[in-house]
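A.B. asks: Starting off with a structure, shown below.
The values are calculated or read from the model by the stated rules, or taken from the named source; none is laboratory data. These figures come from a predicted structure and were not determined experimentally. Methodologically, a virtual Cβ is constructed for each residue, glycine included, from the backbone with ideal geometry; neighbour enumeration extends over all protein chains shown.
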Amino acid sequence: MFKAPDIHPNALEAAPDGLWIGDQVSEKVFKVDWKSGKVLQEVQTESHNTSGLAIGAGYMWLGANGGVSGRRPPRPTDKPFGEVIQADLKTGKTVKIHQLIWGGGVHGITFVPQTQTLWVTALSIQAVAEVDPKDFRVLRIRPARGDRPHGLDWDNGALWVLIAGDHLVQKIDPDSGKVLEIVTLSRTSDPDPHGMCIHDGYMYYCDAGLTAPGPGSEPAQICRFKMAAQS
């Protein structure tokens, strides 16, 4: 489709008026036009190793995965562990930091308007957790097995989890945890998958160009494909 405004897009979020993109190194978040990629909004966040992004309940939620691996100079807000940062939508400034009770890192995060809850990837236990955004109380945990669960979104009552290292996306029933569908990406010709979101019947993903890039890697590329009709 087009390239992200920054070099290492690692998190995506769909909104009616634009595509939100979080960069893994600059920690900037951009909202761009769905068709042209033109930047509509840009904010500098205080995240670190940004790996997930959600917009909801009046805030920006960032999956800060801990450690920047020497990819940029250190900043005072960097941490060596994962956390979820609740930030101001207009300024990107941190409002509150939420610790992960399961420890380890975090990638994708998504807000579900129908339930007013967040789902967060829990990498250390290969799962996704539903939490109350007000106090981060865990409501449900469901399996998300594979090599690096990353992009995460909610569509028509189901969770979609992009498993980056396995180049596939799982559709998961949030009630039973059962895998309902698997979409496979090419390891040799498709850009590497990292962040992911769903919009108007298409699945979008981005290639951060980092973490074991494959032969099809196209750093900064924003890709999409048509999803199968859902019953």
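A.B. asks: Report, by residue number, each residue of region 117-128 that is free of Cβ contacts under 8 Å to residues at least 60 places away in the same chain and over 12 Å from Gly104 (Cβ atoms).
C.D. replies: Hits for region 117-128 are Thr117, Trp119, Val128.
A.B. asks: Restricting the search to region 41-82, which residues are exposed (fewer than 14 other Cβ atoms within 10 Å of the Cβ) and either among the hydrophobic types (A, V, I, L, M, F, W, C) or without any contact (Cβ under 8 Å) to a residue 12 or more places away in the chain (or both)?
C.D. replies: Passing the criteria: Gly70, Pro73, Pro74, Pro76.
A.B. asks: Would region 108-130 turn up any residue that is out of contact with any Pro (no Cβ under 7 Å at 6 or more places or on another chain) and modelled with pLDDT under 95?
C.D. replies: No.
A.B. asks: Return the residue satisfying two criteria in turn: it lies in region 137-166 and is of a type in the set (A, V, I, L, M, F, W, C), closer than 22 Å to Thr211 by Cβ and outside any loop (DSSP other than H, G, I, E, B), and of such residues it is nearest to the chain's Cα centre (by Cα).
C.D. replies: Leu152
A.B. asks: Got a number for residues in region 163-182 being surrounded by fewer than 20 Cβ atoms within 10 Å (Cβ to Cβ), among the hydrophobic types (A, V, I, L, M, F, W, C) and in contact (Cβ under 8 Å) with a residue 40 or more places away in the chain?
C.D. replies: Residues meeting the conditions: 0.
A.B. asks: Taking Ile21 as meeting all but one of (1) touching a Pro at 6+ places or on another chain (Cβ under 6 Å); (2) of a type outside the set (Lys, Arg); (3) farther than 30 Å from Ile101 by Cβ; (4) buried (at least 19 other Cβ atoms within 10 Å of the Cβ), write down the number of the exception.
C.D. replies: (3)
A.B. asks: Taking the condition of being modelled with pLDDT of 90 or more, over 21 Å from Asn156 (Cα atoms) and of a type in the set (A, V, I, L, M, F, W, C), how many residues in region 199-231 meet it?
C.D. replies: Matching residues across region 199-231 total 5.
A.B. asks: Quick one: is Lys96 in contact (Cβ under 8 Å) with a residue 40 or more places away in the chain, farther than 13 Å from Glu27 by Cα and surrounded by fewer than 17 Cβ atoms within 10 Å (Cβ to Cβ)?
C.D. replies: When the stated conditions are applied, Lys96 does not pass them.
A.B. asks: Identify all residues within region 32-55 that are assigned to a strand (DSSP E or B), of a type outside the set (S, T, N, Q) and within 14 Å of the chain's Cα centre (by Cα); write none if there are none.
C.D. replies: Gly52, Leu53, Ala54, Ile55
A.B. asks: To continue, here is another question. Taking only pairs six or more apart or across chains, which ones have beta-carbon atoms under 8 Å, a first residue in region 209-231 that is farther than 21 Å from Asp6 by Cβ and among the hydrophobic types (A, V, I, L, M, F, W, C), and a second residue that is at pLDDT below 90 and not in a strand (DSSP E or B)?
C.D. replies: none
Conditions (1) under 14 Å from the mean Cα position of the chain (by Cα); (2) closer than 23 Å to Pro143 by Cα; (3) in a loop (DSSP other than H, G, I, E, B); (4) not aliphatic (A, V, I, L, M), marked per residue:
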| residue | (1), (2), (3), (4) |
| --- | --- |
| Gln170 | no, yes, no, yes |
| Asp175 | no, yes, yes, yes |
| Glu181 | no, yes, no, yes |
| Arg187 | no, no, yes, yes |
| Asp190 | no, no, yes, yes |
| Pro215 | no, no, yes, yes |
| Pro219 | no, no, yes, yes |
| Cys223 | no, no, no, yes |
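A.B. asks: In this structure, does Gly66 turn out to be within 15 Å of the chain's Cα centre (by Cα) and assigned to a loop (DSSP other than H, G, I, E, B)?
C.D. replies: Yes, satisfied.
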